[in-house]
Amino acid sequence: MKGKVYLVGAGPGDPELLTLKAMRLLRTADAVLHDDLVAPEILQVIPTAAQVYNVGKRCGTKKIRQEEINFLMIALADSGLRVVRLKSGDPLIFGRGGEEIEALHAANIPYEIVPGVTSALGAAATSAIPLTHRHASSALVFITAHQAEGAEAVDWARLAGSGATLVIYMPGSDYSAIAVKLKAAGLSHGTPCAIVSQATTQHQQTHRTTIAELSRAPRLTSPTLLIIGKVVRFADPVSLVQPFVISADCAVDTTANEEPIA
Ligand SMILES: C[S@@+](CC[C@H](N)C(=O)[O-])C[C@H]1O[C@@H](n2cnc3c(N)ncnc32)[C@H](O)[C@@H]1O
């Protein structure tokens with residue numbers, strides 16, 4: 001009899017952000033294939049009898065290719081095992097979850113997806129940044145700074161014009177290129193940005209800056225996320241790493257769209 005694969009989100013770093021469902025599945029797994037960014041405390045709940053594979057491929061070191069991960073996952077499930085494919089954050093956000101679903105579907109392996117707290121939400125919560133705000137941002141966009149070869153290019157101008165809060169995953173350590181794109185796209189140079197490093201862990205650092213100053217931002221420890229938009233200035237001042245100056249061209253009209261709360 002075939003086993004089953006569970007594509008499970010481990011959350012952004014703080015082990016307490018693991019869902020109860022993810023915890024139950026890990027405790028009853030026969031095999032676990034996990035990414036590098038999964039907190040060690042989470043891996044401790046895996047039964048000692050289970051097969052555990054670190055299939056992480058951080059920083060381009062490419063220890064194991066995606067095809068090999070798919071092959072292993074399918075082979076384990078084919079032999080009747082309950083397999084947990086544990087990914088950092090949410091399994092379907094910049095985690096190649098779609099490619100793994102396609103492979104499982106093609107191999108006729110039953111699967112189930114268990115969401116996790118994506119790092120953008122973790123970083124926003126622990127930096128006290130409301131990703132949406134009725135006076136400042138009515139839309140939210142998750143973008144990756146690293147695209148697959150041949151993928152459709154990000155339309156920065158359209159995003160900049162949308163007024164959405166932008167969260168850039170995998171921004172790398174040199175923010176100059178991103179700053180150039182954002183300025184060219186027409187975003188105000190005074191637009192607030194936050195770089196959040198190792199979000200939700202005890203090592204988290206949040207550095208606030210503006211698009212104008214982004215290229216001079218310190219290189220914080222990976223993994224990092226970049227949050228851009230007016231909402232960044234609503235963050236709790238206690239968590240400011242350096243004083244944040246609200247520029248006039250980013251001022252929020254608090255009287256706009258005032259509507260009674262239904
Ligand atoms: C391959 S993507 C995986 C994203 C993951 N599936 C999610 O939902 O968060 C890895 C990127 O996620 C972001 N990331 C993951 N964990 C993070 C954390 N604790 N703090 C900041 N960024 C994080 C970084 O941008 C990192 O380069």
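The values are calculated or read from the model by the stated rules, or taken from the named source; none is laboratory data. The shown structure was predicted, so the numbers you read here are calculated from the model rather than taken from an experiment. As a convention, Cβ positions derive from the backbone with ideal geometry for all residues, glycine included, and neighbour counts pool all protein chains shown. When the accessible area is computed, the model is the full protein with side chains, heavy atoms only, and any ligands, DNA or RNA have been set aside. Shrake-Rupley method; radii C 1.70, N 1.55, O 1.52, S 1.80 Å.
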By how many nm would the segment from HIS133 to ALA49 lengthen if fully extended, with 0.36 nm per residue of separation less the alpha-carbon distance? 25.5 nm
So how far apart, in nm, are the two label points at GLU16 and ARG158 if each is 7 Å from Cα heading toward Cβ? 4.1
Find the lysine pairs in the chain meeting two conditions, Cα atoms under 21 Å apart and a separation of 8 or more places or different chains, and report how many there are. 8
Pairs of Cα atoms under 8 Å, at least six residues apart: use those to get the relative contact order of segment 1-141, whole percent. 37
Given DSSP loops and a limit of at most 13 other Cβ atoms within 10 Å, what is the longest stretch of the chain that contains no such trypsin sites (Lys or Arg not before Pro)? 135-218
Suppose every K and R has +1 on its Cβ and every D and E has -1 on its Cβ; what is the size of the dipole of segment 1-110 about the Cα centre, in Debye to the nearest 20? 140
By the gyration tensor of its Cα atoms, with a ≥ b ≥ c the square roots of the eigenvalues, what is the shape of segment 4-114: rounded for a/c under 1.5, prolate for a/b over b/c, or oblate? rounded
As I understand it, the dipole of the chain uses +1 on the Cβ of Lys and Arg and -1 on the Cβ of Asp and Glu, about the Cα centre. Which of ALA139, THR118, ALA10 lies farthest toward its positive end? ALA10
Note down the nm distance, to one decimal, between modelled labels 7 Å out along Cα→Cβ at ALA106 and at GLU213. 4.9
Area accessible to solvent at ASP155, 1.4 Å probe radius, in Å²: 70
Between THR221 and LYS4, the two model label points (7 Å from Cα along the beta-carbon direction) sit apart by a distance in nm of 3.8
Surface accessible to a 1.4 Å probe, SER222 within the full protein complex, Å²: 60
Rounded to the nearest 5, the percent of antiparallel DSSP beta bridges in the chain equals 45
Over the chain: helical MRE at 222 nm, DSSP H runs n ≥ 4 each giving -39500 (n - 2.57), nearest 500: -6000 deg cm²/dmol
So if R0 is 25 Å, what FRET efficiency would ARG27 and LYS63 give, r being the distance between their Cβ atoms, rounded to the nearest 0.05? 0.40
Here the FRET efficiency for ASP78 versus VAL180, based on Cβ atoms and R0 = 45 Å and rounded to 0.05, is 0.40
Restricting to Cα pairs under 8 Å and 6 or more apart, the percent relative contact order of the chain works out to 19
